[in-house]
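Read through the structure below, which is laid out as structure tokens, and then see the notes.
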Amino acid sequence: MENQREQMNVVIVGHVDHGKSTLIGRLLADTGSLPEGKLQQVKDQCKRNAKPFEYAFLLDALKDEQAQGITIDTARSFFKSKKRDYIIIDAPGHIEFLKNMITGAARAQAAMLVIDAKEGIRENSKRHGYMMSFLGIKNITVCVNKMDLVGYKQEVFEKIKTDYSAFLKEINLKPMSFIPISAREGDCITGPSKNMPWYDGGSILEAFDVFQKAVPDYERAFRFPIQDIYKFTAAGDDRRIFSGRVESGTIDVGDEVIFLPSRKQSRITSVEGFNLPKQTQAFAGQSTGFTLETQIYVKPGEIMAKVKEKTPHVSPKFKANIFWMGKQPLVKGKNYKLKITTQQVPVILADIISVLDASELSSITNKDQVDRHDVAECIFETLKPVAFDEVNQISETGRFVIVDNYEICGGGIILAPVFDEVSTLSKHIKERDYGWERSDITPGKRAQKYQHKSALIVITGEANSGKIAMAKALEEELFKLKKNVYFLGISNDLLKSQDGSNDKTLNRMKHIQQLGETAHILTDAGLILITSISDIDEYELQALKILNRPSKTIVINVGENHFQEGQVDLLLDKGGDSAQVTQKIVNYLIQSVVLDPEFSI
Amino acid sequence: MSKKTMTKLDQIEAQSVYIMREAYREFKNLAMLWSIGKDSTVLLWLARKAFFGHVPFPLVHVDTSFKVPAMIKYRDQVALEWNLNMVYGQNTEAIKNKRTFPDGAIDRISCCKSLKSEALKHTLAGDWPRYRMNHETKKYELDDNKEPYTGVIVGVRADEEGSRSKERYFSPRDRNNDWDVGDQPPELWNQFKTDFAPGTHLRIHPLLDWTELNIWEYIQRENIPIIDLYFDQGEGTRYRSLGCYPCTTPVQSTAKNVEDIVQELKTGKFANIAERSGRAQDKEDGGGLETLRLDGYM
């Protein structure tokens with residue numbers, strides 16, 4: 001039954017009032033793609049309002065849009081040619097609605113860029129051209145519209161063609177064709193125009209059918225960003241399914257896989273599906289799921305790659321081109337959220353290399369912030385390493401967005417990883433130590449006096465495994481032993497209220513930072529500080545340890561241990577007798593240097 | 001599927017599944033609206049695709065009490081068979097006091113607003129009673145869970161009607177369910193708006209790219225059980241869009257099964273007739289569905 005026709009999304013872009021909606025309206029009308037009565041209905045409406053009919057009105061389905069007279073969002077319309085079905089996305093040309101234009105264009109495989117013959121190339125003609133290049137749209141046709149207003153003169157068309165071609169060349173775009181049209185009068189829409197005998201190229205309709213649909217390149221390296229890990233045990237299903245969409249390449253049952261950034265490895269046991277015959281392979285484009293040979297622990301967001309292929313980069317720093325849509329500018333040092341494939345991590349803008357004026361295509365190198373509608377080359381740094389590819393290698397895993405205050409405010413493409421010794425965290429520690437007037441009472445003197453060294457004890461493990469009770473029992477016991485001990489029980493919720501944000505990713509990071517800074521003060525004062533935290537990962541743990549330096553950090557894991565070797569000091573089982581568990585920890589503290597036997601416990 | 005090619009249905013299926021999984025990961029209080037119609041039944045099937053046979057969130061139905069009785073029967077049958085966490089809500093006050101269009105008390109649009117939009121708003125918010133299917137007794141019981149749903153998966157399609165063509169996959173609604181069409185979040189490279197301020201919620205639209213024909217082709221390919229009100233029972237008419245019986249009229253058609261419908265749509269018989277043309281409320285007030293949608297209607 002699969003005799004389905006090919007479908008293609010085409011976006012219409014260009015400067016405001018250059019005639020995008022008119023072009024679409026005309027196209028729909030002339031190809032008979034409008035619902036019965038729609039044309040008449042709109043014509044009647046115009047008559048009632050004593051307004052001349054325009055083809056653009058056909059698209060303005062929403063009332064408030066008509067009131068403003070401009071397309072405020074990307075609307076979709078459908079039409080068919082003999083070759084395939086098209087979804088036409090009408091993107092607003094007004095700069096205020098750039099984010100809507102991007103939304104529309106990001107869904108397209110091809111673009112028609114409209115330029116007003118009379119007005120010529122305008123700021124957004126260039127900006128939109130640049131955005132097409134940015135978004136990776138290779139199929140572009142330029143329509144020089146309103147030829148009727150310039151007397152259908154070939155010189156006007158040729159001049160725009162020459163100038164705009166030169167511009168596109170600068171941004172590495174080569175258009176498929178330039179077409180002179182009049183959308184209002186219907187010239188060169190579905191066939192040749194009597195008014196322009198000098199033009200012998202194809203019409204708009206023909207240009208649509210020339211667009212090439214990109215075929216997935218199955219030869220590229222396999223990339224499978226983990227969306228989620230499902231185990232529907234309650235419904236009697238014991239499969240542990242790693243689910244997501246194959247963004248690139250292919251994979252077969254039996255293939256060895258590696259997860260990044262964690263570098264954990266396993267092998268594909270099965271390809272899972274519902275209402276499907278048994279599969280042994282998955283390939284780019286499929287939303288699917290796998291079971292693995294070993295029960296490894298990874299979080300959503302990691303990228304699964306093949307061991308035998310080139311793996312993604314893993315780095316906390318990268319160079320990228322970004323465009324900014326946020327009402328607030330993108331500034332250095334502020335915490336944002338990065339979303340790349342299914343990874344979400346805190347990110348800061350580390351450096352601005354240059355800001356491009358999209359309309360003029362000239363670089364400005366001395367800006368210290370990226371303003372709304374700017375395009376910039378920047379260095380970003382994440383709190384923990386992320387896995388990615390360079391956009392020209394595998395574009396699906398080389399693109400990201402930046403979230404500020406709940407909203408997607410920027411989009412970016414990664415040019416290269418940056419390998420740099422100096423992390424923001426180590427820079428911060430350096431600055432902190434520089435500005436810190438240390439007490440003359442040395443840690444050694446304090447330890448002598450208090451009869452123990454200072455330390456941060458982190459009790460971690462899965463949620464609801466009795467960590468808090470354990471931490472308090474330990475505090476109680478050490479207190480009895482006359483140690484200077486303190487249990488710090490601050491939750492994420494407490495931090496949330498400070499700025500009203502409920503962003504899990506950023507709150508998590510704030511929690512870690514605040515905990516680390518607090519621990520640093522209290523351990524510097526000679527205390528044994530106990531805290532508990534659920535599901536901390538190795539990078540967060542590392543950050544905590546660095547912030548707490550020079551005092552020691554002791555990590556106790558309760559229940560299943562997800563850490564690599566050497567990161568946890570003491571492993572404990574879930575449950576168990578409270579007194580025994582406490583004694584076990586105390587014994588460990590005696591063994592380790594914190595409660596040195598020389599300070600006699 | 002040994003060849004590495006994806007048909008159009010494969011592609012839109014993969015995208016819908018991707019969207020649903022994003023929603024499931026990001027929203028603690030997630031629900032899916034199920035109107036019993038063809039679109040949301042396909043949506044339900046796609047959830048089973050996404051979650052490997054399971055549907056890990058509640059399905060919410062707004063029962064206006066004017067649905068064709070066969071729809072309610074079908075709903076409960078499927079809910080039991082597929083082990084669904086089935087929840088319904090209702091504007092019991094309005095129905096009890098006969099403040100409805102069929103009772104002659106108010107006009108169609110007001111009736112829709114009251115029995116659908118209002119009931120939906122309060123059922124989602126949790127401040128009106130929710131009734132949950134007990135799979136042991138096969139009866140509905142008052143639901144203890146009064147938490148508002150912060151993510152709501154809805155089966156609207158862009159090709160259905162003008163205002164729906166402007167939706168995002170992830171579309172924010174404020175406290176009053178209001179939709180700001182002019183200021184919608186950007187969506188690019190499969191990154192959606194999954195962060196939201198307290199008090200707001202997100203509508204999630206996995207079917208945005210599907211057409212009416214795609215829906216029926218998919219029902220055919222997957223052999224999805226669909227309510228038989230869509231088929232001609234020998235009287236030369238069938239429903240093309242399902243709603244409340246006082247406001248829904250059938251279309252002339254002799255399509256008796258899914259295959260017939262696919263053929264019928266392919267001939268272009270309905271190409272010039274709006275899919276929802278049998279839904280009387282759309283025609284009132286100059287911009288019926290759009291007016292309703294700004295107010296929280298699906």
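Rolling a 1.4 Å sphere over the protein heavy atoms, what is the accessible area per residue of chain A, to the nearest Å²?
Computed with neighbouring chains in place, this is 44 Å² per residue.
Each residue of the stretch A:155-168 in order: what ³J(HN,Hα) in whole Hz does its phi give by Karplus 6.51 cos²θ - 1.76 cosθ + 1.60, θ = phi - 60°, with x for Gly and Pro?
In residue order, the calculated couplings are 4, 4, 4, 5, 5, 5, 4, 5, 5, 6, 4, 4, 4, 4 Hz.
What is the set of long-range amide H partners of A:Tyr199 at a cut-off below 5 Å, with H atoms built 1.01 Å from backbone N?
It is none; the list stays empty.
Amide H neighbours of A:Phe78 under 5 Å, at least 5 residues apart or on other chains, H built in the peptide plane: list them.
A:Ile88
Ignoring everything except DSSP H segments at least 4 long, calculate the 222 nm mean residue ellipticity for chain A; use -39,500 (n - 2.57) per segment, divide by total residues, nearest 500.
Calculated mean residue ellipticity at 222 nm is -8000 deg cm²/dmol.
Using +1 at the C-beta of Lys and Arg and -1 at the C-beta of Asp and Glu, which of A:Leu571, A:Val331, A:Val370 has the Cα lying farthest in the positive direction of the dipole of the protein assembly as shown?
A:Leu571
Compute the distance from the alpha-carbon center of the stretch A:235-304 to that of the stretch B:43-79, in whole Å.
Between the Cα centres of the stretch A:235-304 and the stretch B:43-79 lies a distance of 29 Å.
State, to one decimal in nm, how far the label point of A:Lys480 lies from the label point of B:Thr237, with both points 7 Å from Cα in the Cβ direction.
8.3 nm
What are the ³J(HN,Hα) couplings of the stretch A:539-548, residue after residue, when phi is run through the Karplus curve with 6.51, -1.76, 1.60 and θ = phi - 60°? Round to Hz, x for glycine and proline.
6, 5, 4, 4, 4, 4, 4, 5, 5, 7
Output needed: percent of Cα pairs per 10 Å distance bin for the stretch A:125-167, bins running from 0 to the one holding the longest distance.
Reading the bins upward from 0: 24, 48, 24, 4.
Normalised by the number of residues in chain A, what is the relative contact order in percent for Cα pairs under 8 Å and 6+ residues apart?
Averaging sequence separation for qualifying contacts and normalising by length gives 9 percent for chain A.
Which order do B:Glu141, B:Glu264, A:Glu560 take when ranked by solvent-accessible area (1.4 Å probe, heavy atoms of all protein chains), largest first?
Correct descending sequence by accessible area is A:Glu560, B:Glu141, B:Glu264.
Divide by every residue of chain B the summed helix terms, -39500 (n - 2.57) for each DSSP H run of at least 4, and state the resulting mean residue ellipticity at 222 nm, rounded to the nearest 500 deg cm²/dmol.
One gets -8500 deg cm²/dmol as the mean residue ellipticity at 222 nm.
Report the extension gain between A:Lys299 and A:Leu571 in nm, rounded to one decimal, defined as 0.36 nm multiplied by the number of residues separating them, less their alpha carbon distance.
Gain on extension, A:Lys299 to A:Leu571, equals 95.8 nm.
Just to be sure I understand: if you take the accessible area of chain A alone plus chain B alone and subtract the pair, with a 1.4 Å probe, what total do you get in Å², rounded to 100?
Interface between A and B: roughly 6300 Å².
Please say if the stretch A:410-483 is rounded, prolate or oblate, where rounded means a/c under 1.5 for a ≥ b ≥ c the square roots of the C-alpha gyration tensor eigenvalues, and otherwise the choice is prolate for a/b larger than b/c and oblate otherwise?
Note, shape of the stretch A:410-483 comes out oblate.
How much FRET efficiency would the formula 1/(1 + (r/R0)^6) give for A:Val215 and B:Asp127, where r is the Cβ-Cβ distance and R0 is 51 Å, rounded to 0.05?
0.50
For the stretch B:1-92, what number of Lys pairs, 8 or more residues apart or on separate chains, have alpha-carbon atoms under 19 Å from each other?
Lysine pair count for the stretch B:1-92: 5.
Taking the Cα-to-Cβ direction at A:Glu6 and at A:Lys310 and moving 7 Å from each Cα, how far apart do the two end points lie in nm?
Computed distance between label sites A:Glu6 and A:Lys310 equals 2.8 nm.
Just check chain B against the gyration tensor rule for me: Cα atoms, a ≥ b ≥ c as the square roots of the eigenvalues, rounded for a/c under 1.5, and otherwise prolate or oblate depending on whether a/b exceeds b/c.
Because its axes are fairly even, with a/c under 1.5, chain B counts as rounded.
Pull up the cross-link candidates among the aspartates and glutamates for A:Lys317, meaning alpha carbon to alpha carbon under 16 Å and not fewer than 8 places away within one chain.
A:Asp351, A:Glu377, A:Glu381, A:Asp389, A:Glu390, A:Asp420, A:Glu421
Would you mind pulling out the separation of the Cα centroids of the stretch A:147-197 and the stretch B:187-250, in Å?
41 Å
Take the Cβ-Cβ distance between B:Ala70 and A:Ser363 as r, set R0 to 60 Å, and report the resulting FRET efficiency rounded to the nearest 0.05.
Calculated transfer efficiency: 0.35.
What are the lysines whose alpha-carbon lies under 17 Å from the alpha-carbon of A:Lys310, with same-chain residues fewer than 8 places away excluded?
Counting by Cα, and skipping residues close in sequence, A:Lys310 has these lysines nearby: A:Lys264.
What are the residues whose amide H is under 5 Å from the amide H of A:Val257, where those residues sit 5 or more places off or on another chain and H is modelled from the backbone?
Residues meeting the amide H criterion: A:Ser266, A:Arg267, A:Ile268, A:Val307.
First obtain the Kirkwood hydrodynamic radius of the stretch B:1-149 from its Cα pairs, then insert it into the Stokes-Einstein equation at 20 °C and 1.002 mPa s, and state the resulting D in µm² per second as a whole number.
It diffuses with D of about 127 µm²/s by this estimate.
Accessible area per residue of the stretch B:189-277 at 1.4 Å probe, in Å²?
I get 38 Å² per residue for this part.
I need the shape label for the stretch A:308-439. Rule: rounded when a/c is under 1.5, else prolate if a/b > b/c, else oblate, with a, b, c from the alpha carbon gyration tensor.
Oblate, since a/c reaches 1.5 and b/c is not below a/b.
I'd like the carbon and sulfur percentage of the solvent accessible area for chain A, probe radius 1.4 Å, heavy atoms only, ligands and nucleic acids excluded.
For chain A, the apolar C and S fraction of the accessible surface comes to 49 percent.
Within the set of other residues whose C-beta is less than 15 Å from the C-beta of B:Thr237, count the net charge using Lys and Arg as +1 and Asp and Glu as -1.
With Lys, Arg at +1 and Asp, Glu at -1, the net is -1.
As I understand it, the dipole of chain A uses +1 on the Cβ of Lys and Arg and -1 on the Cβ of Asp and Glu, about the Cα centre. Which of A:Ile137, A:Ala234, A:Val401 lies farthest toward its positive end?
A:Ala234
Which is farthest toward the positive dipole end of the stretch A:404-459 among A:Ser426, A:Ile459, A:Gly444, measuring Cα position about the Cα centre, with Cβ charges +1 (Lys, Arg) and -1 (Asp, Glu)?
Going by the charge dipole, the pick is A:Gly444.
Give me the distance in nm between label points sitting 7 Å out from Cα along the Cα-to-Cβ direction at A:Lys82 and A:Gln281, one decimal.
In this crude spin-label approximation the distance works out to 3.5 nm.
Sketch the reach of a paramagnetic label on A:Phe53 as a point 7 Å from Cα along Cα-to-Cβ, and name the residues of the stretch A:188-207 whose backbone nitrogen lies under 19 Å away.
A:189-190
Rank these by accessible area, largest first, 1.4 Å probe: A:Lys337, A:Lys317.
From most accessible down to least: A:Lys317, A:Lys337.
Determine the per residue accessible area of the stretch B:1-129 with all protein chains present and a 1.4 angstrom probe, expressed in square angstrom.
Per residue, the stretch B:1-129 has 35 Å² of solvent-accessible surface.
Throw me the Rg/Rh for the stretch A:195-322, computed over C-alpha atoms with Kirkwood Rh, two decimals.
Rg divided by Rh gives 1.20.
If the reach is capped at under 17 angstrom between alpha carbons, list the lysines near A:Lys169, excluding any in the same chain fewer than eight residues apart.
A:Lys126, A:Lys138, A:Lys159, A:Lys161
Quote to one decimal, in nm, the extra length available between B:Asn29 and B:Asp260 on full extension: 0.36 nm per residue of separation minus the C-alpha distance between them.
79.2 nm
Under the Karplus relation 6.51 cos²θ - 1.76 cosθ + 1.60, θ = phi - 60°, what is the ordered set of whole-Hz ³J(HN,Hα) values for the stretch A:473-490, x standing for Gly and Pro?
5, 5, 4, 3, 5, 5, 4, 4, 7, 6, 8, 7, 10, 8, 9, 9, x, 9
For a bin width of 20 Å, list the pair-distance distribution of the protein assembly as shown built from all Cα-Cα distances, rounded to whole %.
Percent of Cα pairs in each bin: 13, 41, 33, 11, 2, 0.
The values are calculated or read from the model by the stated rules, or taken from the named source; none is laboratory data. Remember, predicted model here, so these are calculated numbers, not experimental data. In this analysis, Cβ positions are derived from the backbone assuming ideal geometry, glycine residues included, and neighbour counts consider all displayed protein chains. Just the protein is used for accessible areas: all its heavy atoms, side chains included, with ligands, DNA and RNA removed. Shrake-Rupley method; radii C 1.70, N 1.55, O 1.52, S 1.80 Å.
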